[in-house]
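This report refers to the structure that appears directly beneath it.
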Amino acid sequence: MSGLDRWWLWRTQSTVVLSPVLVVLGCLVSLSNADYADPYWLDLSSKSTVSVLFLAPGFAALAAWDGARWRRLAPAAVRSWIALLALCLSAVALATLLTFAITLLVLDVQVRPAGGAPRLDVLALGVLVVSAYAAVGFVLGRYLPRLIAAPLAFGLVWGWVAFTPAVQPFWMRNVTGNLGTSCCALDVELVPLALVAPGLLAVALLASAAVVLAWSWRRAAWVVAALLVAGSLAAAASMMRPVGADPVQRRTGSQVCVTAGSRSFCAWPEHDGRLRRAAPSLGRTAQRLAATGLDVPPRLRESTRAPGGWSFSLGGGNPDQWGKTLAVSPLDELPPPCTDRTGGVWPAGENLELAGAWLLTAGGADEAFAAEAQGASLRRLRELRALPVGDQVHWYARAYAAMQTCEPVS
Amino acid sequence: MTGLLRATRMPILGSVALATGVLSGLLRGATAPVPSLSLGAVSPVPVVAVIALVPAIAVTWGWSGLGWEATAAAARSTWLLVAPLLVTNLAAFALGSWLVGGSGSLLESGRNACGLLGLALLGCLALGERGAVAVPTGYLLAAFLLGRGSGRSEPWWWAWVLSDGGSVVAGGSAIALLLGGVLVLPRIPVAVLRRGER
């Protein structure tokens, strides 16, 4: 057998021949959408799988084309359908893994996480779901004309993976395996079943494809396949129903703390270096805010609300901004949830910009800068700052309390 | 005539086109977040763009049922042979979307169906049968990935599938593609046979 013949099987598969194109595009898609990644392995690993949105429908369509092609050759084939599916899926899994690995490598070089290791479970889920959707495409190709099967596989998988994040209920988006766009900032982690639910559905799809291909002449095979998919979908839905829009929860674990002035500032270990650089600026800002008369607690945590809404963020690369995030942190969670009920009507919100600018100046920022940064009127800010300090704090306390509700301003 | 209807699966394909037209009307305005290479962010793309693949593929598949050899050797004009299939599918799709979504939906869905059908026919000429799938699907992916530029509210002119139904440039582009596809119709059967199947 010549070298050319040995590779004939691979060279004639669309999933193999076109996989370099999908790998390159997949890497470009993931990298172009990872403009900011935390030095946090879970974030990097999930961002490496953003291309699932693109790889899953692409490979499903190619697998459908290959499946349809094998159907035409079936009378002369010596391989079983399961062997052909395995051949197709091995190419898909390899190409997907390569895409994720290249993306992760580039992100690793860009971001340089401090410690830990890549989340292989997140990457494995991505490979599993892309393979499962490709298996669905292959089955469609096995039974439908290829002119129908390939676009149908593309459309169905694209709709399932890309359209579900735009619709309710939330559990639908959390069982598709598309984690890249919903996970994970530094202060959150995946809920325990976030990988199990889509993984279960993907395994069921793979098993159903295998059952249908192996015993296609038996009606029971189709019933078993349908039950497998329906059962796993129901189980995955019940796992994800209590979860919100994203399958994440507040991160637990110990933070590193640094003392500056009379206060301690704590952050996640990945931001240890930034915390040490930011501590003097954070300490100064906290001291100025407290000197104004604001009740700044003695211990502040990154992205975790202390009483009064105080917190700080070390995201982004500009150390000058880190102290300012502490000053305006009480306003971060506004507008309040009641605006969902009032259709966005939030009368006290008229003071949001001015309150933000006032907090910045109380933290030591220049008035003109503060007004511009918060989009507030410089004239109104100067009028407010001209009042006695006690009156300023009183105004802020009243405005802040009013901004927590959707009631008309009294 | 009955034989032509049966061979090109016109009744079933017309029904499918009508049903997907209705779906297109129902989903008018619905968007799906898709990563964009040119924006470097996830950007919303209209779901109806993908649904419009159905009439495009239906026409090519229906035609393949007639047989590429038979069409190539037929005494009757290729335009006359394919016209009923083409018009039925486009009309059924447009009718379905108009019934549910009104004239706005008709403009958008009809434009998408015309443009993608034109691409499918031109793809068939260039790449054989696989081009009927690869070219319109590849175009959709390219439009999703590169169709929007940063700082631009409207997509690039070539990404007409992302434009509103009222865009004249987008409508003109789609009609031009359909006309191009219709013009090359007689050459498609021979091109498909020459390309062979893989």
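Going through the stretch A:171-196 one residue at a time, which ones are hydrophobic (A, V, I, L, M, F, W, C) and not in a loop (DSSP other than H, G, I, E, B)? Selection gives A:W171, A:M172, A:V188, A:L190, A:V196. Just checking, which of A:V224, A:V229, A:V167, A:V211 is assigned by TED's automatic domain parsing to the domain that holds A:F100 and more than 26 Å from A:R71 (Cβ to Cβ)? A:V167 is the lone residue from the list that is assigned by TED's automatic domain parsing to the domain that holds A:F100 and more than 26 Å from A:R71 (Cβ to Cβ).
Answer yes if at least one residue in the stretch A:78-86 is more than 30 Å from A:Q249 (Cα to Cα) and within 14 Å of another protein chain (Cβ to nearest Cβ), and no otherwise. No, the stretch A:78-86 contains no residue that is more than 30 Å from A:Q249 (Cα to Cα) and within 14 Å of another protein chain (Cβ to nearest Cβ). Assess whether A:V16 counts as being within 14 Å of another protein chain (Cβ to nearest Cβ) and surrounded by fewer than 22 Cβ atoms within 10 Å (Cβ to Cβ). So A:V16 fits the description; yes. Which one of the conditions (1) out of contact with any Lys or Arg (no Cβ under 9 Å at 6 or more places or on another chain); (2) more than 24 Å from B:L37 (Cβ to Cβ); (3) charged (D, E, K, R); (4) assigned to a helix (DSSP H, G or I) does A:R72 fail to meet, given that it meets all the rest? Failed condition: (1). When the stretch A:371-394 is filtered for residues that are under 19 Å from A:T325 (Cα atoms) and either in the same structural domain as A:T292 (by TED's automatic domain parsing) or loosely packed, with under 12 Cβ neighbours inside 10 Å (or both), only A:G375 remains.
Quick check on this structure: which one of B:S173, B:S103 is polar (S, T, N, Q), more than 17 Å from B:P35 (Cα to Cα), assigned to a helix (DSSP H, G or I) and out of contact with any Lys or Arg (no Cβ under 9 Å at 6 or more places or on another chain)? Break it down into steps so the answer makes sense when it comes.
Values: B:S173 fails: out of contact with any Lys or Arg (no Cβ under 9 Å at 6 or more places or on another chain).
The conditions single out B:S103.
Put simply, of B:L18, B:L13 the only residue that is within 11 Å of chain A (Cβ to nearest Cβ) and either surrounded by fewer than 24 Cβ atoms within 10 Å (Cβ to Cβ) or not in a helix (DSSP H, G or I) (or both) is B:L13. Checked against (1) more than 29 Å from A:R382 (Cβ to Cβ); (2) touching a residue at least 24 places away in the same chain (Cβ under 8 Å); (3) surrounded by fewer than 17 Cβ atoms within 10 Å (Cβ to Cβ), A:R284 meets all criteria but (1).
Report, by residue number, each residue of the stretch A:28-46 that is within 11 Å of another protein chain (Cβ to nearest Cβ) and in a helix (DSSP H, G or I). Break it down stepwise before answering.
Going through the stretch A:28-46, the residues within 11 Å of another protein chain (Cβ to nearest Cβ) turn out to be A:28-36.
A:L28, A:V29, A:S30, A:L31, A:S32, listed by residue number.
Yes/no per residue for (1) at pLDDT 90 or above; (2) among the hydrophobic types (A, V, I, L, M, F, W, C); (3) in a helix (DSSP H, G or I):
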position: A:A348; (1), (2), (3): no, yes, yes
position: A:L352; (1), (2), (3): no, yes, yes
position: A:L359; (1), (2), (3): yes, yes, yes
position: A:E372; (1), (2), (3): yes, no, yes
position: A:R380; (1), (2), (3): yes, no, yes
position: A:H394; (1), (2), (3): yes, no, yes
position: A:A402; (1), (2), (3): no, yes, yes
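The values are calculated or read from the model by the stated rules, or taken from the named source; none is laboratory data. What you are looking at is a predicted structure, and each value in this text was computed from that prediction instead of being measured. Note that we place each Cβ from the backbone using ideal geometry, even for glycine, and neighbour counts take in every protein chain shown.
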